[in-house]
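Novice: I am attaching a structure below and will ask some questions about it afterwards.
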Number of protein chains: 2
Amino acid sequence: MIGSLPSFDRLVAELSKLPGIGGKTATRLAFHLLRASREDSQALAEAVLEMRQKVRFCSNCFHVTEADPCTICTDPARDETRICIVQEPQDLLAIERSHAFRGRYHVLHGVLSPLDGIGPDDLKIAPLLNRLKREPVEEILLATNFTVEGEATALYLSGLVKPLGVRLTRLAHGIPTGSDLEYIDAATVQQAVDSRREY
Amino acid sequence: MIGSLPSFDRLVAELSKLPGIGGKTATRLAFHLLRASREDSQALAEAVLEMRQKVRFCSNCFHVTEADPCTICTDPARDETRICIVQEPQDLLAIERSHAFRGRYHVLHGVLSPLDGIGPDDLKIAPLLNRLKREPVEEILLATNFTVEGEATALYLSGLVKPLGVRLTRLAHGIPTGSDLEYIDAATVQQAVDSRREY
């Protein structure tokens with residue numbers, strides 16, 4: 001970018017590695033960091049280092065945490081008979097924001113995706129089966145995304161879990177709140193009709 | 001964001017201070033930095049610190065530089081009789097990419113903007129007048145942006161520089177290369193007609 005400024009160019013290169021940030025945005029961010037107060041730029045750098053040092057994955061549910069096991073796994077108010085299975089920590093956060101689930105979680109860290117070479121051994125499936133052996137689980141709520149890979153992963157897990165006699169549930173599939181039927185894709189409308197309920 | 005993860009939340013807060021990055025993007029970037037290799041996250045943090053430590057503004061032209069004065073100011077192949085005045089270092093880079101100007105530069109670091117409380121003393125105008133006293137300048141190319149503030153700044157500078165007997169020029173104003181007249185705004189078309197040249 002700027003021939004004689006190796007340290008600036010290096011920062012632009014590092015920022016460009018971030019998802020959704022291309023060369024132009026990276027240059028803009030680097031200029032911002034150059035203009036910001038020294039304390040502000042330093043605070044960002046230190047926040048990255050501190051986060052990497054402190055945040056790990058819970059050895060039980062694989063959610064992000066600073067204390068291991070995480071505060072959800074150790075919360076006695078949580079229903080230990082229910083486990084919600086999600087793809088990513090972000091999905092867990094989305095369900096927590098809904099306040100609709102008070103059990104525990106298990107984060108797979110991905111979904112089955114043969115085309116990308118991601119099989120069962122690349123996900124946190126073995127630790128899940130171990131949890132089912134030692135925890136008094138009565139219900140597993142499958143909350144993988146409603147994508148081809150998410151559905152395939154839910155199906156795969158159901159094959160593993162059903163023989164254990166645990167109740168298996170799946171997030172309801174249908175029309176989102178506040179939306180206009182006119183603009184909903186046909187597959188969703190079809191699911192909503194097929195899964196219609198008494199009113 | 002995530003109640004029990006102060007270091008993660010702090011990183012999200014720091015990332016949210018960057019221009020064009022809101023809470024959701026900041027969370028996505030923080031998760032990326034959590035998943036990236038420790039070396040990669042560390043490289044980003046160190047690049048921020050190193051850039052801040054090494055990059056400064058040239059004491060002569062106020063472009064970003066690691067060596068003071070900058071490589072443009074000290075390049076003997078550059079025509080020292082011409083100075084191009086730009087708002088920001090990014091604008092200087094745009095002109096350098098065009099390979100059309102082989103003189104030196106002066107970066108104002110902003111434009112006059114009374115509504116934002118930015119007056120002449122907030123820009124690098126006094127150092128410019130000092131340069132004109134000690135450098136053999138014959139031409140000043142005004143390359144502030146073609147916005148209200150950029151034009152006002154160019155006009156203000158012309159009032160200061162004209163009495164010194166230096167030739168004043170301005171970037172040509174007209175239709176950009178590769179563009180379709182149909183989609184060009186009326187003000188630009190008007191300028192292009194008013195400034196039409198022999199062919």
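Novice: Among the residues of region A:127-140, is any assigned to a strand (DSSP E or B), free of Cβ contacts under 8 Å to residues at least 12 places away in the same chain and over 30 Å from A:T177 (Cβ atoms)?
Specialist: The answer is no; no qualifying residue exists.
Novice: Scan region B:71-86 for residues that are within 12 Å of another protein chain (Cβ to nearest Cβ), of a type in the set (S, T, N, Q) and either touching a strand residue (DSSP E or B) at 6+ places or on another chain (Cβ under 8 Å) or open to solvent by less than 50 Å² (accessible area, probe 1.4 Å) (or both) and jot them down.
Specialist: B:T71
Novice: For region B:1-57, enumerate the residues that are open to solvent by 50 Å² or more (accessible area, probe 1.4 Å), farther than 26 Å from A:F57 by Cα and among the aliphatic types (A, V, I, L, M).
Specialist: B:L49
A quick yes/no check of all residues on (1) of a type outside the set (D, E, K, R); (2) at pLDDT 95 or above:
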residue	(1), (2)
A:I83	yes, yes
A:V86	yes, yes
A:D91	no, no
A:A94	yes, no
A:R102	no, no
A:V107	yes, yes
A:L128	yes, yes
A:K133	no, no
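Novice: Turning to a different aspect of this structure: How many residues does region B:141-152 hold that are open to solvent by less than 20 Å² (accessible area, probe 1.4 Å) and either touching a Pro at 6+ places or on another chain (Cβ under 9 Å) or not in a helix (DSSP H, G or I) (or both)?
Specialist: 3
Novice: Do we have B:R134 as crowded, with 20+ Cβ neighbours inside 10 Å and among the basic types (K, R) here?
Specialist: On the way: crowded, with 20+ Cβ neighbours inside 10 Å: no; among the basic types (K, R): yes.
Answer is no for this residue.
Novice: With respect to A:D68, determine if the residue is open to solvent by 20 Å² or more (accessible area, probe 1.4 Å), more than 7 Å from every other protein chain (Cβ to nearest Cβ) and under 30 Å from B:E46 (Cβ atoms).
Specialist: Yes; evaluated as a whole, the condition is true for this residue.
Novice: Answer yes or no as to whether B:A67 is of a type in the set (A, V, I, L, M, F, W, C), under 15 Å from A:P6 (Cβ atoms) and at pLDDT below 95.
Specialist: The answer is yes for B:A67.
Novice: What residue, of A:V166, A:V111, is open to solvent by less than 70 Å² (accessible area, probe 1.4 Å), modelled with pLDDT of 90 or more, closer than 19 Å to A:R78 by Cβ and of a type in the set (V, I, T)?
Specialist: Values: A:V111 fails: closer than 19 Å to A:R78 by Cβ.
The unique qualifying residue is A:V166.
Novice: In addition: Kindly evaluate A:R104 against the criterion of being crowded, with 16+ Cβ neighbours inside 10 Å, within 17 Å of A:E80 (Cβ to Cβ) and charged (D, E, K, R).
Specialist: Considered against the rule, which asks whether it is crowded, with 16+ Cβ neighbours inside 10 Å, within 17 Å of A:E80 (Cβ to Cβ) and charged (D, E, K, R), A:R104 comes out as yes.
Novice: Which of the following residues is within 10 Å of another protein chain (Cβ to nearest Cβ), under 30 Å from A:L93 (Cα atoms) and in contact (Cβ under 8 Å) with a residue 12 or more places away in the chain: B:A13, B:A36, B:A26, B:A45?
Specialist: None of the other options fit; the residue is B:A13.
The values are calculated or read from the model by the stated rules, or taken from the named source; none is laboratory data. Keep in mind that this is a model prediction, so the values were computed, not measured. FYI the Cβ positions are ideal-geometry reconstructions off the backbone, even for glycines, and counts take in every protein chain you see. Heads up: the accessible areas ignore ligands, DNA and RNA and are worked out on the full protein's heavy atoms, side chains in. Shrake-Rupley method; radii C 1.70, N 1.55, O 1.52, S 1.80 Å.
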